[in-house]
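First comes the structure, then the notes that go with it.
The values are calculated or read from the model by the stated rules, or taken from the named source; none is laboratory data. Remember, predicted model here, so these are calculated numbers, not experimental data. Neighbour counts are summed over all protein chains in view; Cβ atoms, including those assigned to glycine, are modelled from backbone coordinates with ideal geometry.
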Amino acid sequence: MIKVGIVPNLTREKAESVTYAVTDMLRQLNIEYFFEPDTKPFFGNRFTYSENLYQESDIVIAIGGDGSFIHTAKQCAISGKPVLCINAGNLAFLAGVEANELELLKSLLNGNYLKEKHMMLKCYLEVDGKKEMIGYCLNDIAVARGKAFNVLNLNAYCDGKIVNFYRADGIIVSTPTGSTAYSWSAGGPVIDPALQCIILTPLCTHSPLNRSLVFNSSSKISITAPNNPDKDIVISLDGETNIELPVNGKVIIEKSDISAEFIRIKSDEFFDVLNRKLTQRRT
């Protein structure tokens, strides 16, 4: 018998009703489930709670949109657990199941599903020769201006060799999973998340080389910000972690040693999902 941890993003309008529908289906399937204690104000004593949900679960179900899926998937990756994402938002590229497809949850019992690994990145900040890890990302790492509106001077390196000097609003370094997120909005390519590579996309650049660059997954990408006196420059990981980049700081990005593992019950391919989501956006 499997144990399922449920992590809903209850700021989503539909998330509460979808969560109840998920628990009803799991109860019918006789699957044990529980929540984190911070959801208790919404549900009271109706459910079981665990302080160690990610450690105790065999599978984690995330309910919400892509933002909450990313957060939950990273926590699952750290704990070595797979995640099934159920859409309670809008586009949700990472969703494995839509809210009207909950009968598919029966596949969790018989193991009739695939586990799809997605590459992650890890990010370091180096200042005066001292390197400290900031964290992991599933989508992207942005080095961009904060409150200031001035154009930044940014140098990008690959394996210690200069790639380009950018005058831009910032630089986005993304995974294939993140290619349909911030990087795409900035004109970057769409890349199948099954691939292993690192994408660098400049933001609103004045530089001649204004296209995205795609690097081997074994590459180490570094970004510095020289000649930016009194500029507010921020390092953002998946839009969750935001750290100020010191004047003499260096951002170092490389492939992570852990991967996010998504449960896929349906047989549709990445570009089937992409086309369907884009059709939804147009309607």
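Structure above, values below:
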| quantity | calculated |
| --- | --- |
| Yes/no for residue 114 being within 19 Å of residue 76 (Cα to Cα), surrounded by fewer than 17 Cβ atoms within 10 Å (Cβ to Cβ), hydrophobic (A, V, I, L, M, F, W, C) and in the same structural domain as residue 78 (by TED's automatic domain parsing) | yes |
| Filter result (free of Cβ contacts under 8 Å to residues at least 60 places away in the same chain and touching a strand residue (DSSP E or B) at 6+ places or on another chain (Cβ under 7 Å)) within the stretch 127-167 | 132, 133, 151, 162, 163, 164, 165, 166, 167 |
| Residue in the stretch 117-130 that is surrounded by 17 or more Cβ atoms within 10 Å (Cβ to Cβ), under 19 Å from the mean Cα position of the chain (by Cα), hydrophobic (A, V, I, L, M, F, W, C) and more than 20 Å from residue 224 (Cβ to Cβ) present | yes |
| Qualifying positions in the stretch 169-190 - surrounded by 24 or more Cβ atoms within 10 Å (Cβ to Cβ), farther than 19 Å from residue 220 by Cα and touching a strand residue (DSSP E or B) at 6+ places or on another chain (Cβ under 8 Å) | 188 |
| Within the stretch 136-154, considering residues that are in a strand (DSSP E or B) and of a type in the set (Val, Ile, Thr), the one farthest from residue 189 (Cα to Cα) | 143 |
| From 107, 68, residue being surrounded by fewer than 21 Cβ atoms within 10 Å (Cβ to Cβ) and of a type in the set (S, T, N, Q) | 107 |
| Residues of the stretch 105-135 satisfying the condition of being of a type outside the set (A, V, I, L, M), more than 30 Å from residue 6 (Cβ to Cβ) and part of a strand (DSSP E or B) | 124, 126, 130, 131, 132 |
| Odd one out for residue 47, checked against (1) under 29 Å from residue 193 (Cβ atoms); (2) out of contact with any Gly (no Cβ under 9 Å at 6 or more places or on another chain) | (1) |
| In the stretch 93-142, residue modelled with the highest pLDDT [restricted to those that are in contact with a Lys or Arg (Cβ under 8 Å, 6 or more places away or on another chain) and small (Gly, Ala, Ser)] | 135 |
| Filter result (part of a loop (DSSP other than H, G, I, E, B), in contact with a strand residue (DSSP E or B) (Cβ under 6 Å, 6 or more places away or on another chain) and surrounded by 21 or more Cβ atoms within 10 Å (Cβ to Cβ)) within the stretch 53-65 | 57 |
| Residue, farthest from the chain's Cα centre (by Cα), within the stretch 1-47, restricted to residues that are acidic (Asp, Glu) and assigned to a helix (DSSP H, G or I) | 24 |
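Listed here are the residues, each with its yes/no results for (1) more than 26 Å from residue 130 (Cβ to Cβ); (2) at pLDDT below 90; (3) loosely packed, with under 15 Cβ neighbours inside 10 Å.
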{"position": "192", "(1), (2), (3)": "yes, no, yes"}
{"position": "242", "(1), (2), (3)": "no, no, yes"}
{"position": "249", "(1), (2), (3)": "no, no, no"}
{"position": "254", "(1), (2), (3)": "no, no, no"}
{"position": "262", "(1), (2), (3)": "yes, no, no"}
{"position": "278", "(1), (2), (3)": "yes, yes, yes"}
{"position": "281", "(1), (2), (3)": "yes, yes, yes"}
